[in-house]
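Shown below is the structure under consideration.
Just so it is clear, none of the values below were taken in a lab; they were calculated from the coordinates. Note that this is a predicted model, so its numbers are computed, not measured. We place every Cβ from the backbone using ideal geometry, glycine too, and count neighbours over all the protein chains shown.
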Amino acid sequence: MVDKSGDAPEAMKKKRFTVAEGETIAACLARMKQEGYRPIRRIEQPIFREVETNGETMVEPCGRIIEFEGVRDEP
């Protein structure tokens, strides 16, 4: 899908970058910059696990996933 101005659609200019296990946020941001993207939004998603205590199943947080949404850096 191309708009009337001939530019690529907005969805084509965005990309998500996930902070890998053992990677720092700064390293992820540097990777984004190297690929020609700049961050516009930070997204954190919790990770849960089920724990059974005294026969009762409970859900507790055990980590998180950090993602950055980036857009193409136009020269």
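Counting pairs of alpha carbon atoms under 8 Å apart in space and at least six apart in sequence, what relative contact order in percent does segment 13-72 give? The partial results should precede the final answer.
On the way: 96 pairs, mean separation 27.5, N = 60.
About 46 percent, as a whole number.
Follow-up question, since we're still on this one. Give the Debye-formula value of log10 I(q)/I(0) at each listed q (0.18 Å⁻¹), with one equal scatterer per alpha carbon of segment 13-72, two decimals each.
-0.64
Please give the contour-minus-distance gain from D73 to R16: 0.36 nm per residue of separation, less the Cα-Cα distance, rounded to one decimal in nm. Write down the numbers at each step before the final one.
Details: separation 57, 0.36 × 57 = 20.52 nm, distance 1.41 nm.
Full extension from D73 to R16 adds 19.1 nm.
Using the number of other C-beta atoms within 10 angstrom as an exposure proxy, rank E21, E69 with the fewest first.
Numbers: E21 7, E69 15.
So the ranking, lowest neighbour count to highest, is E21, E69.
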